[in-house]
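Structure record follows, encoded as structure tokens.
The values are calculated or read from the model by the stated rules, or taken from the named source; none is laboratory data. Since this is a predicted model, take the numbers as computed values, not measurements. Cβ atoms come from the backbone with ideal geometry, glycine included; neighbour counts cover every protein chain shown. Note: areas computed on protein heavy atoms with side chains; ligands, DNA, RNA excluded. Shrake-Rupley method; radii C 1.70, N 1.55, O 1.52, S 1.80 Å.
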Amino acid sequence: MTRRTMEIESLAAFDDHLAVTARLNGWFVQSVDLTERAAELERVVVRGAVFLGCRFGPGVEERLRRRGALIFPALPELPFDPYRPRLYAADDLYCDPADGRLLPYLSSPDAAIYAWAKEAQVHRSLDHSLATSLHDHAMSDALDEALHSAAYQGGRPVVGIMGGHALARTDDAYWQAARLATDLTAAGRVVLTGGGPGAMEAANLGAYLSPEPESLVEARALLGKVTDYRASIDDWVETGYQVRELLPAGRAGHSLGIPTWFYGHEPTNVFATEVAKYFANALREDTLLHRCRGGIVYLPGRAGTVQEIFQAVTENYYATDDSEIAPMILVGTDYWTRALPAWPLLSALASDRAMEPVIACVDSVAEALDRLEAFATDTPIP
């Protein structure tokens, strides 16, 4: 489907469409409450229209089917919308949908969805698989639309920042990651992370505060009160919301987070302004890495980060077009050559391949930024 020209995702968009045409054939209407639009639906051509999780007045659904519409009904007893037309925000995951109040984590929408996902993993069934597949497809669709939206100026280069979830808010490496994201956002890049805590939170935080980078000093003091989500998710989330108040509404720098309920015990950080949260971790990882055409920076991490390194290496290794190769920069020479020696294997794989000129292992995030700039402009590296 062609999302930007053939989908209707709100009641206002539905009304605007019917103001200029009496045809819905070929259009996808997604998660729209149409219970008050029975008369309008009766007068338009609906053969070939697709309704995904919409709500209708009494008898309307059956009449639409008879007239040739294809209707995917709302699935019962789910704590999420499998046809969701938009990415999540932190408020969608942590706040009361009715009044926007920050909830205790165990009462939050995110916790309810994670509990459902764990249950679904134990008792696998067709309806569970259908719901998660529909939801994850909707996330990918919404993510592509977001990356071409005005918030991201219609396609700025996306740079991924990967790293371990266990990095504490008091660690200097955390604040180096935040500064890297601040500088990247200010330089016109879109920062994308795995959406969780640790290095991922640091990067989304840096992007969030990029319009006022001096706020990082005050943010450090606030976040230092709760250094790790494992002590208390509630306190960890609440201090994140306190930091968000440092910028007036609408002033925050945009960035993306792509977490997963597969690792639902690692909470989503509150600084990614758009969140594509998936059920299937394999799809999430592929989505995460495939979007980073502006390069990927790898901070020290463990198994998940190593997986992300070599998943990206595989795409680069077999790329048939140089434009498909994403620069890869590992930060921490000692870490990536001794503690977890991914760099020797990466450099050996890259030898004599098209990706060889755009991989590097450096000692600091400042060097990583310099390398990204050099790779983007084809400047020789001294």
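Using the Cβ-Cβ distance between Phe72 and Gln121 with R0 set to 22 Å, the FRET efficiency from 1/(1 + (r/R0)^6) comes to roughly 0.40.
List the trypsin sites (Lys or Arg not before Pro) in region 259-313 that DSSP assigns to loop (not H, G, I, E or B) and whose Cβ has at most 14 other Cβ atoms within 10 Å. Which are they?
Working: sites: Lys277, Arg284, Arg291, Arg293, Arg302; in loops: Lys277, Arg291, Arg293, Arg302.
Here the sparse-neighbourhood loop sites are Arg302.
Taking trypsin sites (Lys or Arg not before Pro) across region 91-132, the ones in a DSSP loop with at most 13 further Cβ atoms lying within 10 angstrom of their Cβ are Arg101, Arg124.
Where both partners of a DSSP beta bridge lie in the chain, what percent of those bridges are antiparallel, to the nearest 5? Rounded to the nearest five, the antiparallel share is 5 percent.
What is the sum of charges around Gly224, taking Lys and Arg as +1, Asp and Glu as -1, for the other residues whose C-beta is under 13 Å from the C-beta of Gly224? Cβ neighbours under 13 Å give a net charge of -2.
Once the Cβ-Cβ distance of Asp15 and Gln242 is raised to the sixth power relative to R0 = 35 Å, the FRET efficiency obtained is 0.35. Projecting the Cα atoms of Leu102, Leu223, Ala376 onto the charge dipole of the chain (Cβ charges, centred on the Cα centre) puts Leu102 farthest toward the positive pole.
Taking Asn269, Asn204, Asn316 as the candidate residues, the one with maximal mean-square fluctuation in a Gaussian network model of the chain, Cα springs under 10 Å, is Asn316.
Compared with the dominant Cα axis of the chain, that is its longest principal axis, helix 172-186 is turned about 60°. Under the criterion of Cα pairs below 8 Å and six or more residues apart, the relative contact order for region 66-133 equals 26 percent.
I want to verify a result. In a Gaussian network model of the chain, Cα cutoff 10 Å, which of these has the top mean-square fluctuation: Asp110, Asp33, Asp136? Checking each option, the largest mean-square fluctuation is seen for Asp33. Note on exposure: His137, His254 ranked by accessible area (1.4 Å probe, complete protein assembly) read His137, His254, with the most exposed listed first. When you count the other C-beta atoms within 10 angstrom of each residue and take the mean per peptide, 358-364, 337-343 line up highest first as 358-364, 337-343.
Just to verify a number: FRET efficiency for Asp96 and Ala22, C-beta to C-beta distance, R0 = 41 Å, to 0.05?
Values: r = 40 Å, r/R0 = 0.97.
Using R0 = 41 Å, I get an efficiency of 0.55.
Taking 0.36 nm per residue of separation and subtracting the Cα-Cα distance, full extension of the segment from Thr227 to Ala303 would add 25.2 nm.
Restricting to DSSP loop positions (anything but H, G, I, E, B) with no more than 14 other Cβ atoms inside 10 Å of their own Cβ, which chymotrypsin sites (Phe, Trp or Tyr not before Pro) remain in region 298-343?
Working: sites: Tyr298, Phe310, Tyr317, Tyr318, Tyr335, Trp336; in loops: Tyr318.
The qualifying sites are Tyr318.
Accessible surface computed residue by residue for region 143-237, with neighbouring protein chains in place and a 1.4 Å probe, gives 35 Å² per residue. Once you list every other residue whose beta carbon is under 13 Å from the beta carbon of Ala69, what net charge do they have if Lys and Arg are +1 and Asp and Glu are -1? Counting the neighbours of Ala69, the net charge comes to +3.
Our summary gives the chain a relative contact order of 13 percent, counting only alpha carbon pairs under 8 angstrom and 6 or more residues apart. Measuring nothing but protein heavy atoms, the accessible surface of the chain at 1.4 Å probe radius is 54 percent carbon and sulfur.
Seen against the Cα atoms of the chain and their longest principal axis, helix 109-122 is set at about 90 degrees. In a fully extended conformation the segment linking Arg220 and Ala319 would gain 31.5 nm over its present Cα-Cα distance, using 0.36 nm per residue.
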